[in-house]
Amino acid sequence: TDLARIRNFSIVAHIDHGKSTLADRLIQETNTVALRDMKEQMLDAMDIERERGITIKANTVRIDWTAADGHEYVLNLIDTPGHVDFAYEVSRSMRAVEGSLLVVDSTQGVEAQTLANVYQAIDADHEIVPVLNKIDLPASEPDRVREQIEDVIGIDASEALLVSAKTGQGITATLQAIVDRLPAPKGDIDAPLKAMLVDSWYDSYLGVIVLVRIIDGRLRKGDRVKFMSNGTVHHVDRIGVFRPPMTEIDELGPGEIGFLTASIKQVRDTRVGDTITHEKRPTDRALPGFKPSQPVVFCGLFPVDAAEFEDLRDAIEKLSLNDASFSSEVETSAALGFGFRCGFLGLLHLEVIRDRLEREYDIDLITTAPSVVYHVHMRDGEMLELHNPADMPDLTHVDHLEEPRIKATILVPDEYLGDVLKLCQDRRGIQMDLTYAGPRAMVVYDLPLNEVVFDFYDRLKSVTKGYASFDYQMIGYREDALVKMSILVNDEPVDALSTMVHRDRAEQRGRAMVEKLKELIPRHMFKIPIQAAIGGRVVARETLSAMRKDVTAKCYGGDATRKKKLLEKQKAGKKKMRQFGKVEIPQSAFISALKMD
Ligand code: GDP
Ligand code: MG
């Protein structure tokens with residue numbers, strides 16, 4: 001295709017502002033998909049994404065559209081994920097396109113993810129076309145939101161498009177704006193092949209599918225290509241585009257976006273941001289490298305039923321094939337037996353994987369408290385990365401600890417500002433900035449990641465009745481007075497409940513934890529002491545009193561089926577229990593005990 005007739009773009013938006021609906025509309029308007037094949041939210045492929053209304057994997061679609069000048073244009077849309085955990089995926093797909101539609105819900109205005117995503121687009125040198133969506137709603141305030149975009153983001157919004165992705169109003173104007181206002185890609189068809197690996201995923205029929213953006217040269221079926229990061233050579237057996245169904249074509253040229261398959265077995269072998277070139281006549285310069293995404297949150301995943309360990313191993317291996325940012329290694333816990341220590345990009349990522357393991361693979365899991373990666377500086381000068389509080393080395397050898405910090409941006413209506421400041425302060429935050437954008441405040445905090453990973457987002461939502469938006473980025477490691485807190489149940493340490501805490505908070509956190517455990521652990525036939533300890537020092541203690549546990553006593557002897565039912569119910573409940581010495585702890589206790597409130 002002639003370069004002048006190509007436009008490559010992405011859509012950036014805060015969650016729920018209508019990105020997917022708009023993408024669907026653009027596809028529908030151009031009849032890219034026959035109407036009867038049109039499912040709502042075409043681009044959100046996986047069930048979980050659909051259920052939660054989030055987009056996890058970047059998707060792409062090629063739209064052919066005849067513009068006002070009578071020429072046919074190829075419009076390539078790359079759909080990017082909207083959630084904070086996947087900021088890295090957003091940044092990489094941004095590099096593959098020249099422009100962005102900035103979708104803002106005109107009944108809401110700019111939110112934290114609007115900012116985070118648009119800054120990524122600006123970083124990638126995009127031309128940006130603001131789109132005010134949901135103008136069909138009576139609460140729509142396009143003038144106010146236009147002004148807010150100019151004030152807060154600092155881009156010209158005077159020609160923002162007025163759109164309803166729901167009714168279709170403004171869709172043709174949007175397509176025309178893509179053609180008129182976004183730049184055509186540049187590239188040299190005669191130069192050696194240079195293509196960017198934008199994304200990859202596993203398909204059970206075709207093996208790994210690689211999404212590429214051609215910078216220079218041409219890519220044809222049958223070519224032998226080299227991945228420059230590791231020097232591996234592959235024979236290309238298919239190339240094509242997404243309309244959205246995969247459609248094979250013969251060649252991809254400069255500026256084009258499409259896929260290749262080459263009998264690649266593992267997603268891990270395809271590094272995002274890698275440069276793909278021809279084995280013969282390679283390009284002499286690779287694209288500036290992307291850093292691979294690093295897991296930042298770790299937790300243990302253990303099968304409730306120890307017999308399911310091998311099933312869990314298989315399931316984790318399968319998921320890893322398709323998700324290079326998810327890491328795992330075998331972990332043994334005195335309390336929980338064999339399981340896996342897994343690393344994730346963030347809490348949502350963790351939740352998505354855990355859900356898939358439980359639902360798609362039907363494995364009941366115990367999830368231990370999420371933990372961040374600490375840097376443990378030893379007295380001998382060595383530095384260890386601590387992924388699991390249970391592995392904390394003996395303190396006599398430790399010089400100091402560092403923890404990861406984030407820069408958190410929160411947008412919140414004025415009336416809730418006080419609660420938000422208090423929450424951030426309670427989580428050891430340092431205020432960096434506080435400004436106003438209309439009736440909303442924008443606060444920026446430097447916060448320890450470990451104070452955020454567990455339930456910060458939930459707390460933020462509840463203190464602001466859902467009106468705050470939140471985004472963050474890592475800013476680096478800093479030293480602080482951190483200690484490992486152990487929990488002892490009936491004098492036995494429960495390794496899975498060990499956590500890292502700040503020394504000043506240890507007593508308070510310990511007390512809250514043992515009080516909670518006292519409620520969560522059912523009474524036994526004997527007294528159970530529950531303690532929180534730092535090193536050998538007990539900082540909090542509760543005692544669970546003894547009880548005669550006879551659930552069938554209530555059944556007045558007679559009704560045998562009812563009695564049987566109760567016993568069965570109790571047995572099923574036991575499946576979710578774990579034995580610690582003589583004590584049984586329900587799995588829900590592991591998560592609940594670590595929630596702070
Ligand atoms: P995304 O999270 O940005 O992908 O947002 P979605 O496309 O999933 O849209 C979020 C919600 O807003 C859905 O319930 C849509 O039906 C609704 N929505 C999207 N665009 C419009 C619009 O123009 N008007 C109205 N009334 N609702 C819309
Ligand atoms: Mg969506």
### Task
Would you compute, from DSSP H runs of 4+ residues alone, the mean residue ellipticity of the chain at 222 nm, taking -39500 (n - 2.57) per run and dividing by the full residue count, rounded to the nearest 500?
-7000 deg cm²/dmol
## Note on the structure
Note on segment 308-384: contact order normalised by length, alpha-carbon pairs under 8 Å, 6 or more apart, percent, works out to 21
### Message
If I take every Cα pair under 8 Å that is 6 or more residues apart in the chain, average their sequence separation and divide by the length, what percent do I get for the relative contact order?
### Response
9
### Message
What do you get for the angle between helix 309-321 and the principal long axis of the chain? Use alpha-carbon atoms, 0 to 90 degrees, nearest ten.
### Response
20
#### Entry: Difference of contour (0.36 nm per residue) and Cα-Cα distance, Val538 to Ile189
118.6 nm
### Query
Quick one: Cα centre-to-centre distance for segment 301-318 and segment 252-289, in angstrom?
34
### Query
Are there trypsin sites (Lys or Arg not before Pro) in segment 165-214 that DSSP marks as loop and that have at most 15 other Cβ atoms within 10 Å, and which are they?
Lys166, Lys186
### Task
Compute the FRET efficiency between Glu159 and Asp305 as 1/(1 + (r/R0)^6), taking r as their Cβ-Cβ distance and R0 = 51 Å, and round to the nearest 0.05.
0.25
### Summary
Full extension between Glu382 and Ile122 adds, at 0.36 nm per residue less the Cα distance, a length in nm of 89.6 nm
### Task
Using label points projected 7 Å from each Cα along Cα→Cβ, tell me how many nm separate Glu584 and Arg5, to one decimal.
7.2
## Note on the structure
The FRET efficiency for Asp203 and Ala481, from their Cβ-Cβ distance with R0 = 45 Å and rounded to 0.05, is 0.35
#### Entry: FRET efficiency for His397 and Glu147, using Cβ-Cβ distance with R0 set to 60 Å, rounded to 0.05
0.55
### Three-way shape label, segment 274-411, alpha-carbon gyration tensor, a/c 1.5
oblate
### Task
With a point put 7 Å past each Cα toward its Cβ, work out how far Glu360 is from Asp64 in nm, to one decimal.
3.3
### Message
I'd like the distance separating the alpha-carbon centroids of segment 438-510 and segment 175-250, in whole Å.
### Response
42
### Query
With a ≥ b ≥ c the root eigenvalues of the C-alpha gyration tensor of the chain, is it rounded (a/c under 1.5), prolate (a/b larger than b/c) or oblate?
prolate
### Task
Go through Leu26, Phe259, Ser204 and say which Cα lies farthest out towards the positive end of the charge dipole of the chain; charges sit on Cβ, +1 for Lys and Arg, -1 for Asp and Glu.
Ser204
### Rounded if a/c under 1.5, otherwise prolate or oblate - segment 362-482, Cα gyration tensor axes
oblate
### Summary
So Met246 and Lys280, fully extended at 0.36 nm per residue minus their Cα-Cα distance, gain in nm 9.4 nm
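Rule-based calculations on the coordinates, nothing more; no lab input. Quick caveat, the model's predicted, so the values are computed rather than measured. A quick note on method: Cβ atoms are made from the backbone with ideal geometry, for glycine too, and the neighbour counts reach across all protein chains shown.
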